[in-house]
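Laboratory data are not the source of any read-out in this text; all were calculated from the coordinates shown. Keep in mind it's a predicted model, so treat the numbers as computed, not measured. We place every Cβ from the backbone using ideal geometry, glycine too, and count neighbours over all the protein chains shown.
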Amino acid sequence: MTGGQLAIKAALTLGSPYTAMLFMGEEWGASSPFQFFCSHPEPELAHSTVAGRKEEFAEHGWAADDIPDPQDPQTFQRCKLNWAEAGSGEHARLHRFYRDLIALRHNEADLADPWLDHLMVDYDEQQRWVVMRRGQLMIACNLGAEPTCVPVSGELVLAWESPIIGDNSTELAAYSLAILRAAEPA
């Protein structure tokens with residue numbers, strides 16, 4: 001996934017009314033995979049675990065050779081986070097964006113509202129945009145590989161890339177988002 005796609009995923013997750021659960025390194029787009037690993041000392045349990053996973057994934061069309069052996073120490077080694085990534089390049093940018101989103105979620109009453117009936121979502125499948133509304137805040141996302149115009153406007157709160165905000169719409173670059181605050185009703 002691109003940095004923009006990861007940022008969209010983050011904004012929709014942290015902007016939702018649910019308790020956000022982040023997994024190891026997600027907040028900086030860690031390059032290490034998140035695979036199941038274990039180290040059962042009991043041979044029977046270890047064998048059953050390996051066989052069970054291959055059987056389970058085969059039911060979903062995966063080839064047995066494509067399933068990492070959870071007992072293999074290399075599976076564990078592949079999954080270890082490279083903590084240096086969090087501070088460099090696009091990883092650092094995404095990490096800062098997550099921090100900004102978490103602060104926004106903490107400081108904005110609209111994002112603390114747990115009621116689903118206060119959540120509204122608009123979308124256009126052909127134009128590949130989605131807007132999540134939480135009170136006065138709107139999370140406008142371009143899910144497509146081309147720029148698009150989303151029919152929302154307001155004060156820019158946070159963005160991935162630089163949106164062009166007009167009176168009635170916002171232009172978003174490919175795989176980007178803007179969090180906007182709607183103007184107070186007159």
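Observations
- Qualifying GluC sites (Glu not before Pro) in the range 24-91, DSSP loop, other Cβ atoms within 10 Å at most 13: 59
- Cα gyration tensor category, rounded, prolate or oblate, for the range 83-152 with a/c compared to 1.5: oblate
- Of 46, 173, 63, the residue with the greatest mean-square motion in the GNM of the chain, using alpha carbon springs below 10 Å, is 63.
- Cα-based shape type of the range 33-80, given that a ≥ b ≥ c are square roots of the gyration tensor eigenvalues and the cut on a/c is 1.5: oblate
- From its DSSP helices (H runs of at least four residues, each -39,500 (n - 2.57)), the chain gives a residue-normalised ellipticity at 222 nm of -9500 deg cm²/dmol.
- Where a label projected 7 Å from the Cα of residue 171 along Cα→Cβ would reach, residues of the range 137-153 with amide N under 19 Å: 140-153
- Gap separating the Cα centres of the range 150-170 and the range 86-107, nearest whole Å: 20 Å
- Using Cβ point charges alone (K and R +1, D and E -1), the dipole size of the chain about the Cα centre works out to roughly 480 debye.
- For the range 79-137, the list of chymotrypsin sites (Phe, Trp or Tyr not before Pro) that fall in a loop by DSSP and count at most 11 other C-beta atoms within 10 angstrom reads 115.
- J(HN,Hα) series, the range 25-36, from Karplus relation 6.51 cos²θ - 1.76 cosθ + 1.60, nearest Hz, glycine and proline x: x, 4, 5, 10, x, 3, 7, 6, x, 10, 10, 6
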